[in-house]
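Asker: Before anything else, here's the structure in question.
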Amino acid sequence: MGELNVSLVAVDRKIWSGTASMVVAKTLEGEIGILPRHEPVLALLANSPVRITTSDGSVIQAAVHGGFFAVDSDNVSILAESAELSGEIDVDRARLALERAKAAGADTPDEMAAIERAEVRLKVALADQHKQHAAGSR
């Protein structure tokens, strides 16, 4: 079927690169799934999780906040304003950040964006925690 060459880069660092069989991301128009031989795409990213299914079948999740998503000739570039792999996110700190953001209110666009970023980080961190727990119970 082929492979995708994926690069996930934040403003300050390279987050992950490698080959994948599928990438799922959320753009401002909605969620998009990319398989090999997909038509070219250029879109703005929403604050959301990105899931990369690697060629060996493992799943990598990252919390991505803004940026661009581009697909061309089986090359997928995710250029994020900021991004963190699930394993880099401390669940307790993510919960506290969400509580602080909610306590600050959602009266302004900046406050709403802070809540959204905190929710995405927590969602990705918890997904990784559940994955590790499931692997440990086998």
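Asker: Hey, can you tell me all the residues within segment 5-14 that are part of a strand (DSSP E or B) and either open to solvent by 20 Å² or more (accessible area, probe 1.4 Å) or closer than 13 Å to Asn75 by Cβ (or both)?
Answerer: Asn5, Val6, Ser7, Leu8, Val9, Lys14
Asker: Hey, could you check segment 54-69 for residues that are open to solvent by 30 Å² or more (accessible area, probe 1.4 Å) and part of a strand (DSSP E or B) and say which is nearest to Leu122 (Cα to Cα)?
Answerer: Gln61
Asker: Follow-up. Could you say whether any residue in segment 26-49 is touching a residue at least 12 places away in the same chain (Cβ under 8 Å), in a strand (DSSP E or B), touching a strand residue (DSSP E or B) at 6+ places or on another chain (Cβ under 7 Å) and closer than 16 Å to Ala125 by Cα?
Answerer: For segment 26-49, residues touching a residue at least 12 places away in the same chain (Cβ under 8 Å), in a strand (DSSP E or B), touching a strand residue (DSSP E or B) at 6+ places or on another chain (Cβ under 7 Å) and closer than 16 Å to Ala125 by Cα: present.
Asker: Next up: Which pairs do you get when a residue that is in contact (Cβ under 8 Å) with a residue 12 or more places away in the chain and of a type outside the set (Val, Ile, Thr), found in segment 87-115, comes within reach of a residue that is open to solvent by 30 Å² or more (accessible area, probe 1.4 Å) and not in a helix (DSSP H, G or I), reach meaning Cβ atoms under 8 angstrom, with the pair 6+ apart or on two chains?
Answerer: Here the result reads Ala113/Asn47, each pair linking segment 87-115 to a residue that is open to solvent by 30 Å² or more (accessible area, probe 1.4 Å) and not in a helix (DSSP H, G or I).
Asker: Let me ask something additional. Could you tell me which of the residues Leu79, Leu96, Leu42, Leu85 is closer than 14 Å to Trp16 by Cα and open to solvent by 80 Å² or more (accessible area, probe 1.4 Å)?
Answerer: That would be Leu79, the only listed residue that is closer than 14 Å to Trp16 by Cα and open to solvent by 80 Å² or more (accessible area, probe 1.4 Å).
Asker: What's the total number of residues in segment 20-34 that are in contact with a Ser or Thr (Cβ under 7 Å, 6 or more places away or on another chain) and open to solvent by 50 Å² or more (accessible area, probe 1.4 Å)?
Answerer: 2
The values are calculated or read from the model by the stated rules, or taken from the named source; none is laboratory data. As the structure is a prediction and not an experimental result, all values here were calculated from the model. Neighbour counts are summed over all protein chains in view; Cβ atoms, including those assigned to glycine, are modelled from backbone coordinates with ideal geometry. When the accessible area is computed, the model is the full protein with side chains, heavy atoms only, and any ligands, DNA or RNA have been set aside. Shrake-Rupley method; radii C 1.70, N 1.55, O 1.52, S 1.80 Å.
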